[in-house]
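**Q** Handing you this structure, nothing more for now.
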Amino acid sequence: HRATIVEHLQRRYQWNVSPQWIIWLPGVVTGLNVACRSVGVSGDSIMTTVPVYPPFLTAPGNMDRQLCSSRLVHSTQGWQMDFADMEASFKPQTRMFILCNPQNPTGKIFRKAELIELAQFCQRHNLVICSDEIHCDLILEPGLNHIPIASLSPEINQQTITLMAPSKTYNIPGLGCSFAIIANPDLRKSFKRAMDGIVPHVN
């Protein structure tokens, strides 16, 4: 029920979502592939950071897009995005950045300052952000909270596709239920068009 999702996101993350922004999906991996299909054209590039959940690496190619990756670096502060390397790796035909927030497999919980810097990078290069936030409810480290990247500002909200699901939180992947949250009406229309005829309904 859309109202349940809206209430949950407001209560947990102080993120105000409108019910019409929610699009049902049978799984987040489906959402990753649909997002890649819905932005840009054949031959364009999609960026992510590695290591990462393997479907992030295959989804661009499935949709005839090129994969562009930048390595996360490990330091005494834990895993970090290397923004200098991201700038060097960026290609003019790059149309989207796929984020894993919280990060799988490193377990990295992105702080607000890091998400702001990433958002600024994506704004500077006019990139749509596709943010997989399926692990958002499983942060156990004291004092840390999940921050949906789309909640940073109205501007970032307008260029973000957020993917979420109850499957990790409640251990119910067999139900085949997830959803995308897309505030931008043009981006939402493109996403829905990319689903037409190939994406089944939620279980």
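The values are calculated or read from the model by the stated rules, or taken from the named source; none is laboratory data. Nothing here was measured: the structure is a model prediction, and the numbers come from that model. Cβ coordinates were reconstructed from backbone atoms using ideal geometry, including for glycine residues, and neighbour counts include every protein chain displayed. In case anyone asks, the SASA skips ligands and DNA or RNA and just uses the protein heavy atoms, side chains included. Shrake-Rupley method; radii C 1.70, N 1.55, O 1.52, S 1.80 Å.
**Q** Within the stretch 137-182, track down each residue that is part of a loop (DSSP other than H, G, I, E, B), under 21 Å from GLU117 (Cβ atoms) and touching a residue at least 40 places away in the same chain (Cβ under 8 Å).
**A** ASN145, HIS146, ILE147, PRO148, LEU152
**Q** Considering only the stretch 63-80, how many residues are among the aliphatic types (A, V, I, L, M) and touching a Lys or Arg at 6+ places or on another chain (Cβ under 9 Å)?
**A** 2
**Q** Separate question: Working carefully through the options ASN33, ASN62, ASN16, find the one that is over 19 Å from ASN157 (Cα atoms), open to solvent by 50 Å² or more (accessible area, probe 1.4 Å) and either among the basic types (Lys, Arg) or modelled with pLDDT of 95 or more (or both).
**A** From the options ASN33, ASN62, ASN16, the qualifying one is ASN62.
**Q** Considering only the stretch 139-147, I want to know if a residue exists there that is out of contact with any Gly (no Cβ under 8 Å at 6 or more places or on another chain), buried (at least 17 other Cβ atoms within 10 Å of the Cβ) and of a type in the set (Gly, Ala, Ser).
**A** Among the residues of the stretch 139-147, not one is out of contact with any Gly (no Cβ under 8 Å at 6 or more places or on another chain), buried (at least 17 other Cβ atoms within 10 Å of the Cβ) and of a type in the set (Gly, Ala, Ser), which makes the answer no.
**Q** On to the next question. Considering the stretch 101-136 alone, what residues qualify as being of a type in the set (Lys, Arg) and not in a loop (DSSP other than H, G, I, E, B)?
**A** Within the stretch 101-136, LYS112, ARG124 qualify.
**Q** Moving to a separate point now. Does ILE98 meet the test of being open to solvent by less than 20 Å² (accessible area, probe 1.4 Å) and within 19 Å of SER153 (Cα to Cα)?
**A** So ILE98 passes the test.
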